[in-house]
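Single-structure report; data block below.
The values are calculated or read from the model by the stated rules, or taken from the named source; none is laboratory data. None of the values given here were measured: they were computed from a predicted structure. Positions of Cβ are generated from backbone atoms using ideal geometry, with glycine treated the same way; all protein chains shown enter the neighbour counts.
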Amino acid sequence: MDGLTKIYEDGTLAVGELDLTIEDGEFLVLVGPSGCGKSTVLRMIAGLEDISGGEMHIGERLVNDMAPKDRDIAMVFQNYALYPHMTVRDNMAFGLKLRKTPKAEINQRVEEAADILEINDFLDRKPKALSGGQRQRVAMGRAIVREPAAFLMDEPLSNLDAKLRVQMRAELERIHGRLETTTVYVTHDQVEAMTLGDRVAVLRAVSAAKPYNLQQVGPPYELFDNPVNLFVAGFIGSPAMNMVYATLERDGEDLWASFADQRLKVDPYAIERHPGLENHTNEELVMGVRPSSMEAAEIAGADPDRAIHMTVEVDENLGAESYVHTTLDARPVVTPDIEELLADTGQTAESLGDSTEFVARISSDIRVQTGQALEVVVDTAKLYFFDPASGDRVGAKATATAAT
Amino acid sequence: MTATVSEEAAPAPAPAEPKKPKSRVRWRPWLWLAPALFLLSVFLVWPVIRTIWISFHDGSTINPTREFIGVDNYVRMFTDDAAFIHYDLPPWSALFNSALWVVLFTLGVIAFGLLVGVLADKVKYEKTAKAIVFLPLVVSFTAASVVFRLVYSTDPNIGLINAMLGLIGLGPVAFLGEANIVNFAIIGAGIWVWTALAMTILAASYKALPEETHEAASVDGANEWQVFWRVSLPQMKGPIIVVAVTMIINALKAVDLVLIMTTGGPGFSSRIVGFTVYWEIFNNNFAGYGSAVAVVLLIMMAPLMWWQMRQIRAAEAR
């Protein structure tokens, strides 16, 4: 399946200049905050939304003007969109009946799909009599029986409770492993994106400065390890990457990042991953460090060159590990990228106050108490540096084009 | 209704003072219901009983119970009144015509109501289109009947339809003067009047359908017609039944259109049951016979009303 450039307009530009190739059998996740155009892209693939520019191919066929029914795709909707007047069996058989599939084959395929999804027991019930999770399975079943060229899924798990969502996520993975059907999956949940996707495409709303949606596409680890800009870095990963304004200083052979009365020696590997970083000495950059790149000095061994001293304000103990929150005496990082991410969680730049929130993950073997001083050691090979003006990572190639 | 009230009140009383709540259960519901019950009995129950009583008599509008004649009126209706029922062909009699109305009028109103309601949903000038279709409902039936008498006029200078037929070299056709055509002509006018109500109800229910099920069906491989026929329409079953039952009742009790357009003619050929009630009592001055027809009409409608009420109650329970 080849998706090429797609532009969508309804007065405003919703999706701009999107180049994306989806491989046969691939599980591709479109992820981004609400309003980033990810659902619109999916609906364009389905044919439910007109394509106002560019071309889209499924396999070899140009499908720009093709009706949804001729595209050989199946879609799973956020609210399931089951036909309320039909039984589960009829819901699943509907697409096959329209295609005049022989009755025996319809029955066989429905039974098979029901086996996979474990919904045999309520094939003759109406959707109304089912729970959310069961409806979700029926919606999946309706897609599976069609044996389409591709599955399109629009936030299919977002209406389920947390426990069921995790269970269905595993189920989806199992089903995809079994059927190996090309799948395009839309979600705003980056955890879902990371766990399900063979590749993940991070989208954001178009802006005047950046009239394209696609920020970066790649395997989950790639997005996690090598985010191309602040937006991707801040969106992928939970808890989110810490961001702080830092100034690079040269001291002999070494580069040091200093921020809020603290100093970290930048590991040569980090410098290697940011080509041209040396040219930014004595400039203020945005430094990113993931909570998972830190550990308590007591466990990791003291290393004054890589230590951050903090006062424990909140300790979230999860059993195996613990997230320690503190505030650094530095003004919070506010760039267009960050503001957009804040807006998605209902926050504004003002709500951050004038200090920087900082989270470190430490082993829960260390018991900490609120108010206590704590020294954590940072894996400085995993520091990230971003240009505060553009939001791009230092040395990263231009974003959208590099993505494909 | 009374049962529900007392059932709800029953669990409330504390065992400590059983006397007070008991009396509350007994008379309070009736107190609240009294005004409604009073109005219902004066304007509904009593007239019905009185009509049934009159139907066993021979009498005029001045003295409806002049002579008790038992079931003679009913016997006459089903054996000896060609205007009400007759077994020859062509069978233009009130009972047959009413059956024709029930089928054609009801289907016509639903079909046009759906057509306008659903199609208007897809166009830009939706509100204008609906307003135009809605207009007949605010016109009085009398006025509508007069208008249609003109529309059906044989004079091409007055009659719109004959004028159009004249343009293609046909007619003039006496729409209201031919026994074989007159019923269809009046039913047509009836559909024009009532489509508005059907459109309003059906368009609202169409709009309320989840858009996602339509999208799911089109992705599933349905063309627009299949989406409508197999996904939208079945989901509108409830409102369609409500409209159908309402229209069947309207068809049975219709008086005004027939009275003003043809007074049941030519001959008896456009009489229907509702019209017959009016005509026998107020024109022929047969109060007893007309009442007997009214009782038959009531018996025909009762199961429909009972069924519709059950449907509505079931819908509310959902």
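Quick check on my filter: what residues within the stretch B:221-254 are β-branched (Val, Ile, Thr) and facing chain A (nearest Cβ under 9 Å)? Walk me through it before giving the result.
Going residue by residue through the stretch B:221-254, those that are β-branched (Val, Ile, Thr) are B:227, B:231, B:240-243, B:245-246, B:248-249.
Within the stretch B:221-254, B:231 is the sole residue that qualifies.
Name every residue in the stretch B:201-220 that is small (Gly, Ala, Ser), away from chain A (no Cβ under 14 Å) and surrounded by 19 or more Cβ atoms within 10 Å (Cβ to Cβ), in order of residue number.
Kept after step one, since they are small (Gly, Ala, Ser), are these residues of the stretch B:201-220: B:203-205, B:208, B:216-218.
Restricting the remaining residues to those that are away from chain A (no Cβ under 14 Å) gives B:203-204.
Within the stretch B:201-220, just B:203 meets the criteria.
Would you mind listing the helices (runs of 4 or more DSSP H) fully within the stretch B:19-98 where at least 3 residues are of a type outside the set (Ser, Thr, Tyr) and either modelled with pLDDT of 90 or more or over 21 Å from residue B:288 (Cα atoms) (or both)?
Working: elements: B:19-40, B:46-54, B:72-79.
Passing ranges, in order: B:19-40, B:46-54.
Name the one entry in A:184, A:232, A:244 that is at pLDDT 90 or above and assigned to a helix (DSSP H, G or I). Spell out the reasoning first.
Working: A:184 fails: assigned to a helix (DSSP H, G or I); A:244 fails: assigned to a helix (DSSP H, G or I).
When all the criteria are applied, what remains is A:232.
Can you pull out every residue in the stretch A:63-87 that is more than 17 Å from residue A:19 (Cα to Cα) and more than 14 Å from chain B (Cβ to nearest Cβ)? Step through it out loud before you land on a result.
Within the stretch A:63-87, the first condition is being more than 17 Å from residue A:19 (Cα to Cα), and the residues that meet it are A:65-87.
Once the filter is applied, which keeps residues that are more than 17 Å from residue A:19 (Cα to Cα) and more than 14 Å from chain B (Cβ to nearest Cβ), the stretch A:63-87 yields only A:65.
Which condition number does residue B:181 fail, the rest of (1) closer than 26 Å to residue B:254 by Cα; (2) buried (at least 21 other Cβ atoms within 10 Å of the Cβ) being met?
Unmet for residue B:181, out of (1) closer than 26 Å to residue B:254 by Cα; (2) buried (at least 21 other Cβ atoms within 10 Å of the Cβ): (2).
Among the listed residues A:331, A:367, identify the single one that is in contact (Cβ under 8 Å) with a residue 40 or more places away in the chain, within 30 Å of residue A:302 (Cα to Cα), over 21 Å from the mean Cα position of the chain (by Cα) and surrounded by fewer than 17 Cβ atoms within 10 Å (Cβ to Cβ).
Exactly one of A:331, A:367 is in contact (Cβ under 8 Å) with a residue 40 or more places away in the chain, within 30 Å of residue A:302 (Cα to Cα), over 21 Å from the mean Cα position of the chain (by Cα) and surrounded by fewer than 17 Cβ atoms within 10 Å (Cβ to Cβ), namely A:331.
Table: residues versus (1) touching a helix residue (DSSP H, G or I) at 6+ places or on another chain (Cβ under 6 Å); (2) buried (at least 23 other Cβ atoms within 10 Å of the Cβ); (3) charged (D, E, K, R).
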| site | (1), (2), (3) |
| --- | --- |
| A:74 | yes, yes, no |
| A:86 | no, no, no |
| A:94 | no, yes, no |
| A:99 | no, no, yes |
| A:102 | no, no, no |
| A:107 | no, no, no |
| A:110 | yes, yes, no |
| A:121 | no, no, yes |
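Evaluate the stretch B:177-200: report whether one residue or more is of a type in the set (Asp, Glu) and within 14 Å of chain A (Cβ to nearest Cβ). Quick ask: steps written out before the conclusion?
To start, the set of residues in the stretch B:177-200 that are of a type in the set (Asp, Glu) comprises B:178.
When the remaining residues are screened for being within 14 Å of chain A (Cβ to nearest Cβ), the result is none.
The answer is no, given that none of the residues of the stretch B:177-200 is of a type in the set (Asp, Glu) and within 14 Å of chain A (Cβ to nearest Cβ).
Could you tell me whether residue A:340 is assigned to a helix (DSSP H, G or I) and in contact (Cβ under 8 Å) with a residue 12 or more places away in the chain? Spell out the reasoning first.
Details: assigned to a helix (DSSP H, G or I): yes; in contact (Cβ under 8 Å) with a residue 12 or more places away in the chain: yes.
Yes.
In the stretch B:140-153, how many residues are loosely packed, with under 15 Cβ neighbours inside 10 Å and without any contact (Cβ under 8 Å) to a residue 60 or more places away in the chain? Before you say what the answer is, go through the steps one by one.
Pass one, the stretch B:140-153, residues loosely packed, with under 15 Cβ neighbours inside 10 Å: B:140, B:142-143, B:146, B:150.
In the following step, the residues that additionally are without any contact (Cβ under 8 Å) to a residue 60 or more places away in the chain were identified as B:140, B:143, B:150.
Residues that pass the stated criteria total 3.
Give the residue that is farthest from residue B:203 (Cα to Cα), with candidates limited to residues of the stretch B:77-136 that are polar (S, T, N, Q) and in contact (Cβ under 8 Å) with a residue 40 or more places away in the chain.
Applying the first criterion (polar (S, T, N, Q)) to the stretch B:77-136 yields B:79, B:93, B:97-98, B:106, B:128.
If we keep only those that are in contact (Cβ under 8 Å) with a residue 40 or more places away in the chain as well, we get B:93, B:97-98, B:106.
Numbers: B:93: 36, B:97: 30, B:98: 28, B:106: 17 Å.
The selected residue is B:93.
All but one of (1) over 22 Å from the mean Cα position of the chain (by Cα); (2) without any contact (Cβ under 8 Å) to a residue 40 or more places away in the chain hold for residue A:308; which doesn't?
(2)
Go over the candidates B:42, B:48, B:75 one by one and state the one that is of a type in the set (Val, Ile, Thr) and within 25 Å of residue B:245 (Cα to Cα). Give the steps one after another, and end with the answer.
Values: B:42 fails: within 25 Å of residue B:245 (Cα to Cα); B:75 fails: within 25 Å of residue B:245 (Cα to Cα).
Going through B:42, B:48, B:75 in turn, just one is of a type in the set (Val, Ile, Thr) and within 25 Å of residue B:245 (Cα to Cα): B:48.
Which residues, counting only those in the stretch A:225-244, are touching a Pro at 6+ places or on another chain (Cβ under 7 Å) and more than 23 Å from residue A:212 (Cα to Cα)?
A:239, A:242
Can you pull out the residues in the stretch A:33-62 that are of a type in the set (A, V, I, L, M), closer than 19 Å to residue B:217 by Cβ and more than 8 Å from chain B (Cβ to nearest Cβ)?
Going residue by residue through the stretch A:33-62, those that are of a type in the set (A, V, I, L, M) are A:41-42, A:44-46, A:48, A:51, A:56, A:58, A:62.
From what's left, closer than 19 Å to residue B:217 by Cβ: A:42, A:44-46, A:48.
Of everything in the stretch A:33-62, those that are of a type in the set (A, V, I, L, M), closer than 19 Å to residue B:217 by Cβ and more than 8 Å from chain B (Cβ to nearest Cβ) turn out to be A:42, A:44, A:45.
Run down A:377, A:324 and say which single residue is of a type in the set (A, V, I, L, M, F, W, C), in contact with a helix residue (DSSP H, G or I) (Cβ under 6 Å, 6 or more places away or on another chain), assigned to a strand (DSSP E or B) and buried (at least 19 other Cβ atoms within 10 Å of the Cβ).
Working: A:324 fails: in contact with a helix residue (DSSP H, G or I) (Cβ under 6 Å, 6 or more places away or on another chain).
Result: A:377 is the single residue among A:377, A:324 that is of a type in the set (A, V, I, L, M, F, W, C), in contact with a helix residue (DSSP H, G or I) (Cβ under 6 Å, 6 or more places away or on another chain), assigned to a strand (DSSP E or B) and buried (at least 19 other Cβ atoms within 10 Å of the Cβ).
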